[in-house]
């Protein structure tokens, strides 16, 4: 165990650089992907070129998340006792978990459903509206989560407890989802 800790401590700077770079790439790609998805669905369909673009961006996000998890694990293993009780580290890992779940749900629920909707069928209009609203909500969760992960990673230390930090994060998500639904309504009505 001591050898492992020593190994990861020795290369901690590399792990941190990989972690920060992965967050920047993931966050930037997620924001671009969210914006493009909402632009693409304005005409109520995703053409093959738009779909391919979203698939490439999705792969970049998933690769970034993989590097975030691996580099986060390497950072954790550089000093497990310190990071096991670090509010900052724990909040970031919870946020990464939310990003992973949100991304999976976005892809499965929104993107896949939109491809299946028959827009010539009048009943499909209601399905499209639900999918569009869900895409705005998933996008809001994505942007807030990536932003929080970036900010928390950028600050040297946190004076919040785990409960307080998660309370602020969850509140931001709730407000973002509400705001996304208001924005969706204003754009479409």
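To the nearest ten degrees, helix 12-40 and the longest principal axis of the Cα atoms of the chain are 10 degrees apart. Label point 7 Å out from residue 174 along Cα-to-Cβ: which residues of the range 128-159 have amide N under 16 Å? Under 16 Å, as judged by backbone N against the label point of residue 174, lie 141 of the range 128-159. Note on the chain: helix-only mean residue ellipticity at 222 nm, from DSSP H runs of 4+ residues weighted -39500 (n - 2.57) and normalised by residue number, equals -28500 deg cm²/dmol.
For the range 16-58, the normalised intensity computed at q = 0.29 Å⁻¹ comes to -0.96 (log10 of I(q)/I(0), Debye sum over alpha carbons, equal scatterers, no solvent). Taking Cα atoms only, the orientation of helix 124-154 departs from the longest principal axis of the chain by about 20 degrees. Across the range 2-188, the convex hull enclosing all Cα atoms gives 112 Å³ per residue.
Normalised by 2.2 N^0.38 Å, where N counts its residues, the alpha-carbon radius of gyration of the range 51-111 equals 1.35. Roughly what angle does helix 162-188 make with the longest principal axis of the chain, taking Cα atoms, 0 to 90 degrees, to the nearest 10? Result, in degrees: 20. Each part reduced to its alpha carbon centroid, the range 3-24 and the range 170-189 end up 37 Å apart.
Bear in mind these aren't lab numbers, they're just calculated from the coordinates by the rules spelled out. Nothing here was measured: the structure is a model prediction, and the numbers come from that model. Don't worry about glycine lacking a Cβ; one is built from the backbone with ideal geometry, like all the others, and counts go over all protein chains shown.
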